[in-house]
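As structure tokens, the structure follows; a few thoughts come after it.
The values are calculated or read from the model by the stated rules, or taken from the named source; none is laboratory data. The structure displayed is predicted, hence computed values, not measured ones. Virtual Cβ from ideal backbone geometry, glycine too; neighbours counted across all protein chains shown. For the accessible areas, the whole protein counts, side chains as well, though only heavy atoms, and no ligand, DNA or RNA atoms are used. Shrake-Rupley method; radii C 1.70, N 1.55, O 1.52, S 1.80 Å.
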Amino acid sequence: MIKISGDTTMNAFQKTLAAATLGLSVIATSAAADDLAAVQTFYDIFTNPSPETHAAFLAAASEDWKSFADYSGEYQVREEYLPISEGIAAFMPDLEFTIEAMHQDGNFVTVRSRSKATPAGEFMGIDPEGRGFDIMNIDIHEVRDGKLVNLWHIEDWATAMQQMSGQ
């Protein structure tokens, strides 16, 4: 028996159980870190679009990855996001995309983030006249076997439109 503290002792079964629990904890922590790194690749294609960030996103996302922005049933696939990210970077060269919180629960990673940018021209039917926006985004990424498989997201575009119109 091993003496832990005071009069507490562990028998062989308890030691084995404690070691197994610690081992599973290390494996789970490593897997969670890998999942969060995979999620990060999605944001990198917007803040630093390049062949490297595109390749990292394509490697992190499953071939059938889908992005849902509403309840229409329509979605975009991963290859559609690469030209979108480049277009956004060109149209909003000062884009700051800040992840403020990431939380993983099983296969789902929820991300609360902030987007700040000044569009270079008319955006969403509004001429911002040099005004920018600062909005909150909420994303829910589904990760299976270390790969991104689905994304549900919402951005506070109503607030962005108010800010760009000077309200």
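A single member of Glu86, Glu129, Glu96 is modelled with pLDDT under 95 and more than 29 Å from Asp34 (Cα to Cα), and it is Glu129.
Within region 91-107, residues that are closer than 21 Å to Gly130 by Cα reach partners that are of a type in the set (Gly, Ala, Ser) and surrounded by fewer than 11 Cβ atoms within 10 Å (Cβ to Cβ) with beta carbons closer than 9 Å, at six or more positions or on different chains, in the pairs Phe91/Gly121.
Criterion first (open to solvent by 50 Å² or more (accessible area, probe 1.4 Å) and touching a Pro at 6+ places or on another chain (Cβ under 8 Å)) does Phe91 satisfy it? Yes. Restricting attention to region 73-88, the residues that are in a helix (DSSP H, G or I) and open to solvent by less than 60 Å² (accessible area, probe 1.4 Å) add up to 7. Out of everything in region 129-158 that is open to solvent by 20 Å² or more (accessible area, probe 1.4 Å) and among the aliphatic types (A, V, I, L, M), what residue ends up being farthest from Val109 (Cα to Cα)? Among residues in region 129-158 that are open to solvent by 20 Å² or more (accessible area, probe 1.4 Å) and among the aliphatic types (A, V, I, L, M), the one farthest from Val109 (Cα to Cα) is Ala158.
Yes/no matrix, rows are residues, columns are (1) of a type in the set (S, T, N, Q); (2) in a strand (DSSP E or B):
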site: Ala120; (1), (2): no, no
site: Glu129; (1), (2): no, no
site: Asn137; (1), (2): yes, yes
site: Ile140; (1), (2): no, yes
site: Asn150; (1), (2): yes, yes
site: Ala158; (1), (2): no, no
site: Gln162; (1), (2): yes, no
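Residue by residue, here is whether (1) within 18 Å of Leu151 (Cβ to Cβ); (2) at pLDDT 50 or above holds:
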{"residue": "Ile2", "(1), (2)": "no, no"}
{"residue": "Thr9", "(1), (2)": "no, yes"}
{"residue": "Gln14", "(1), (2)": "no, yes"}
{"residue": "Ala19", "(1), (2)": "no, yes"}
{"residue": "Thr29", "(1), (2)": "no, no"}
{"residue": "Ala33", "(1), (2)": "no, yes"}
{"residue": "Phe42", "(1), (2)": "yes, yes"}
{"residue": "His54", "(1), (2)": "yes, yes"}
{"residue": "Glu63", "(1), (2)": "yes, yes"}
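Beta carbons closer than 7 Å, at least 6 apart along the sequence or on distinct chains, pair a first residue in region 46-72 that is more than 24 Å from Thr98 (Cβ to Cβ) and open to solvent by 20 Å² or more (accessible area, probe 1.4 Å) with a second that is in a strand (DSSP E or B) and of a type in the set (Val, Ile, Thr) for Lys66/Val77.
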